[in-house]
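Working notes, structure below.
Values in this text are rule-based calculations from the coordinates and carry no lab data. The structure presented is a predicted model; accordingly, all values stated were derived computationally and were not measured. A quick note on method: Cβ atoms are made from the backbone with ideal geometry, for glycine too, and the neighbour counts reach across all protein chains shown.
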Amino acid sequence: MSSTAVPTTAAGSPPSSPSDKPPAPPKRSTTTTTTTPKPKPLQAWLDAHLPAWLALALRTRRTWKTFIRCIVVFVVMMTLLVDQVTLQTLGQAAFFGAIVSLMLTPNMAVSLFMIAAIMLVVGMCLGWAWGCAAMAASLAARSQTLLASQYTTAESNLISGVAPDAQFQAFVFQGLFLDPAASTVFGVFFFVGTFGFALIRAYAPRLTLLAIFGTIVLDVMCSYGPLFPSAQYMLATLFLIPTAMYIAVALAGILLIFPESMNHVWMTTLTETVLTPAHAMLASQQPLLALDPSDTDAWQETRDSVGATARNMIEATQGLMGQTGMVDLEVSRGRLGPGDLKAVGGKMMGLASRTLGLMSFMILVDDRNKGDAASPAGSRPNGASSGVDKPAKDKDKDPLSPLAPGTGTATPQSAQRFDMLREKVRRREAEHGHDLDNLLPLLLDGTRGLLAACEGALKGRIEWLRYVNSTRWRGSKSQKEEESAYEEAKAQVEAVRTALASLRGEQRLRVLEPFEKFFDPASGNLLEEIRQRADERIFAANSLFLCFVFGTTLKAYAETLLELLDVLVELQRKRARNRLWFPSGFGKIGRKLLARHADEGTGLEMGVSAAVAAGEDDATAVDSSSVSVEDDEGEIVHESKAQPLDPDSSPPRTWLGRGYMSLTAGFRWFMRPQAIFALRYSVVSISIFAFAVHPRTAYFNYANRGLWALIMAQTGLGVYAGEQIASFILRVSGTMIGLVLGMLAWYIGAGRGNGNGYGMVVITTVIISPFLFIRVAGPMQSIVVFLMIGTMIIFVVGYSWVDSHVATISNAGVGVFIAWRRALLVLIGFGCAFVVMVLPYPTSARQVVRKTLAFTTEELGNVLALEMDGCIQSTHDTETHWKRMKDQGLKSVGGRVLGISQQLQGILPSMTTAKFEPTFKGPWPADTYQRLMLGQWRFIQSIALLNASLSDLNAAWLHTLVHKTPFFNPNFLADLSSTIYIVARCLRHGNPIPATLVPLRERLIYHDRHGMAFGSPRSTEPEILPDELQAGPEHIDGARIGLREMTLSTLKDEQLVFHSTAIVALAQVIRTVDNITEIVRELCGTTQMFVGLDTMRDEYLGMEEAAIRRMEKRK
């Protein structure tokens, strides 16, 4: 174990004893290196009264430019609608182009809009092709005898003096030429086609646009096709012509009105939603450290704000990575090319991972504050625990409660031990003057330089990226100015390196000043008087180790930030002038569009939720390749998952058996939520299709535009019941509001007549503008109701204009007469979708939440086991293995943790919609599941903290961590892995947790004290056990940290910082797993109550420790 030579501090001579009155804590500094500008009154009002995304959009110039482009395109489409010449060309669905302008707004970069437009056109062409195939097959199946008799009937019903073509058209829509065989063929094709498009919606969210518009065209072909006695392959042009016109207008708008490349969008996203929050999080660290943790309200408020900023930055980084593959699909002009942006994006993922670790300090302090407030010892001078003296509310607890005695929770004696330990630590820190309130000013003084340097360097890179992004076509700086800016950037990066070196040198020792008085300045050992009365007078290092956590995570963050800064500064040197960049990545389009998950946003996701119960489908699992890293010398981290076996039969040995297994797997696929959704989609489509092909209802369906009821039923259907009910509420609300506003727009623009084209365009644009702005600026999950409002406004205005200016067989009227019919169609469509949802049984989003949380719990346990196994292997291998583990293995584990965090984010919409699911049982425990998800986030942050600490631990200290602490005891690791697996499986299948599953904190102390008594594998010398859990600097939560005695040189050793941070991370993992176990026990209950077992646990706890002490005395 190495020691670091440090200069003598100017702390003065130590007091005669540590019990002397501690020196007054240093005065908090009220000045910081950065000042946050006071927001303007309007900006403050927007931030206080509007959603964050809307307030940001209202003050962003780029959003207003994009909105202007979208509103111009909408005005053009409305002009094409009201112009009589273009109206005749567009036909009866002329307003469909305006609807598409809301669904697929031109708010994207040119290349991305081209991809979206191609998807839309391909989907419509697929629906058209399948409809044409259905029509050809139906004509072949049509009875010629029946057709001849139908023609005879039509001719006999002709009225003289009326155009025969108009009369035959009326006969067609009245169902005179319907043929049962032809209708059946259409029905079969329609069922298969809708089933396929529904699977696309369920399995590939990024292709939802393709599926929706393909289904709409297929609806037209199959709803109206059976009515015609001859081939009518051009029916699809009813929607294809307005869509083609819109795409042309939108492309012209994107190219001519504030054009924007994907490269520009990517860099804007990087600077505004990733790096700016990252800078804000760094700037908030100094104000956070300037607070007293004992002021829990202020600390909680600041921590929540900083945590929200960090989470937003991580989520934005994940979304940015989804757009990275799109930047090389276009021709762009600028300094940075696709390869440059990908290099920057690769470093951003590392920075996001380090941000998770940097949040650990805030969370640990917050958890400690909450634990102190909840500790019964905190309110009792003598430290008595509630494990013996329970509150009245606990005495009256239901004996069948999953948290009652005998269910595996902490016993009274065990709880009392930990309560007394907490009180002992708190008392000693207060007596010696080194609690968090006194240490944080020293921590702030030691880290202020590095924080300020990181803030300045990051701010400089943000400004340079903004400059590069805004001068693609304008003149750049002169060569002399560019060189000066480059030298300034190098100086900023060098300042970060200097500050980091200073932190690792003298600055990190500032926080150790209150502890120097406990050591002999000459020898560096503990003072003799403290050594003799260590149980009473030794200092506690819990708060110091928390400060070490901040130092470790800040160092790791700064090192990762330096990697990003180096890349950006090098790009500033290499890319001094703008140039043209040509596409090179068209081969990746299919892979990105066919991705099973939409958690990496590309701007193409809409419609059906992509949430699927993780573990139900192999594709939902985290890619195992992310944790298997290989090089020329073999694998560093590898996980091999055994395939589950059938306990009732051995694997098939014949081709017949293997074929049977494949067949049963196919049948099991139909029980998955995606397949059930597709079946319901097809069933509701066929049910409404039947009204279009029945002779008695065909004309009624056509006259009242029953096609829109079919479309609403299809678009309103959801994979899960809660999702569909929430969508039903939003869509119906949006429909009613939109119809009212649509009637308002029509009667203002038309008055008592058929309307004035100019007035109709103006009033419709004015009314729809706010909803179009929200559609442009808002996240997809927040704009459904506004999109529905805008669509209904266009419905009323568009249909009214078409019916009053185009001659049709059936005219439904204008204004209110159109509105109530459209409202009824929407309600009919949603009603049919609701009926199909509940039959035969609804697919529950609650199960998705529960099974996904169970899966991520098990996955986190696997990741932790892989990381700890890699550490153990490194201590039994060469030092080169540990170096490769740090360089590659830890990074792969970090990537897998980020993947799990994406899965947790993916079920957030399901947690919201699950509340809407109807049930005859009790309410869904949403708050409990929220706590369970929070516990898993703590698990993720603990692993990220462990990663940050292990990345700097040398081989000698790794040996100490693995072989001299109880955290790597194989018996304890078995307890840890078993607990995580049992908890995950019980949650997944809804089974009660065994009552014999005791808290891991008890098991850790058990294995630690037995290891102390009987010796570790590397040291067979036993130790004398005290009666109580120890609170000295060699222990965390009563367990050893691997040091026999703390010396001043050890305390000042930088490796102790990383070692203690790893210990804190592992201790936090254990507490988190215990917390998750209690939450799952609360949800699932316990197998059986064993009250006697708790009594025996306490008895054996005392007996074992007494026996160990007797053995020590005999030795």
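Tabulated data
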read-out	value
Region 37-147, dipole about Cα centre (Lys/Arg Cβ +1, Asp/Glu Cβ -1), debye to the nearest 20	540
Net lengthening on full extension, K65/Y981 (0.36 nm per residue, minus Cα-Cα)	324.5 nm
Charge sum, other residues only, whose C-beta stays under 13 Å from E494's C-beta, Lys/Arg counted +1 and Asp/Glu -1	-1
Within region 886-956: Cβ-based charge dipole about Cα centre, in debye rounded to nearest 20 (Lys, Arg +1; Asp, Glu -1)	100
Two-site FRET efficiency, A181 against M103, from Cβ-Cβ distance with R₀ of 30 Å, rounded to 0.05	0.25
Rough spin-label spacing in nm, given labels placed 7 Å along Cα→Cβ, for A703 and L56	5.3
Residues of region 426-440 with amide N under 19 Å of the 7 Å Cα→Cβ point at E529	428-434
Full-extension gain in nm, D297 to H876, via 0.36 nm per residue minus C-alpha separation	203.7 nm
Potential lengthening between R653 and I159 on full extension [0.36 nm per residue; Cα-Cα distance subtracted]	170.4 nm
For A310, net neighbour charge (Lys/Arg +1, Asp/Glu -1) across residues whose Cβ lies under 12 Å away	+1
For peptides 288-294, 1004-1010, sequence by mean Cβ density within 10 Å, most packed first	1004-1010, 288-294
Ordering of 82-93, 491-502 by packing [mean C-beta count within 10 Å, highest first]	491-502, 82-93
Too-long pairs where the Cα-Cα distance tops 30 Å, listed order kept, from K851/K891; K65/K342; K347/K964; K490/K517	K347/K964; K490/K517
Ranked by how many other beta carbons lie within 10 Å on average, peptides 305-315, 146-156, 508-518 from highest	508-518, 305-315, 146-156
Cα centroid of region 700-732 to Cα centroid of region 237-252, whole Å	25
